[in-house]
Amino acid sequence: MYKAATGTGGLTAHFMKHPGLMDAGKKDLEVAKRKAAEGETSIQKRQKLAGIKRFLTNKPLYDDTHPKQEDFDKWFILWMAKSYAPLRSTEDKWFRRMIHCLDPQIKFRNRKQMRSHILPAFVMDYDLKVKESLANAVAVVVCFDLWMSRGAQVRQV
């Protein structure tokens, strides 16, 4: 067992007891050097292709006041509310890809932006509409349901 407090001498002794560890590290290093000598790695190729694709297809994102962006924000919040989706839905990779296919200029907000900017504005707008409806109402009926557990003991004082 390797002890961290022993310094590098203990690490060398540990590797001497387990020679396979040293060989595995050397093999990985040799493979990496060979791939580097051959040229670009697959990760570098993918990054370069993604950059080219982004450059060719990149359109500027809508600003916050653009009608399509405002419409998307409104419908996205309504979708979240109606489907009981959590705020983390804004960060789902596959959902973002789907929306990007529909309109690549849509700007996605993260949870923090949704909670601090978009939701409060939407709630204020919704509250105003409800207050206007109530102010113009002739009569209002409030209906609620009471529920009691038969197993609970009720004490009268």
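The values are calculated or read from the model by the stated rules, or taken from the named source; none is laboratory data. Everything numeric in this text was worked out from a predicted model, so none of it was measured. All Cβ positions, even for glycine, are placed from backbone atoms using ideal geometry, and neighbour counts span all protein chains on display.
Assessment of region 37-52 against the conditions (modelled with pLDDT under 65, surrounded by 10 or more Cβ atoms within 10 Å (Cβ to Cβ) and either more than 25 Å from the chain's Cα centre (by Cα) or in a helix (DSSP H, G or I) (or both)) yields at least one matching residue. A single member of T65, T12, T90 is closer than 18 Å to I118 by Cα, modelled with pLDDT of 65 or more and part of a helix (DSSP H, G or I), and it is T90.
Restricting attention to region 75-93 and to residues that are among the hydrophobic types (A, V, I, L, M, F, W, C) and over 10 Å from the mean Cα position of the chain (by Cα), the residue that is farthest from F122 (Cα to Cα) turns out to be A85. In the set (1) at pLDDT below 90; (2) farther than 30 Å from K59 by Cα, the condition left unmet by A121 is number (2).
Here's the yes/no breakdown for (1) in the same structural domain as K68 (by TED's automatic domain parsing); (2) under 18 Å from the mean Cα position of the chain (by Cα); (3) surrounded by 11 or more Cβ atoms within 10 Å (Cβ to Cβ):
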{"residue": "I99", "(1), (2), (3)": "yes, yes, yes"}
{"residue": "L102", "(1), (2), (3)": "yes, no, no"}
{"residue": "R111", "(1), (2), (3)": "yes, yes, yes"}
{"residue": "P120", "(1), (2), (3)": "yes, no, yes"}
{"residue": "D127", "(1), (2), (3)": "yes, no, no"}
{"residue": "K131", "(1), (2), (3)": "yes, no, no"}
{"residue": "V142", "(1), (2), (3)": "no, no, no"}
{"residue": "D145", "(1), (2), (3)": "no, no, no"}
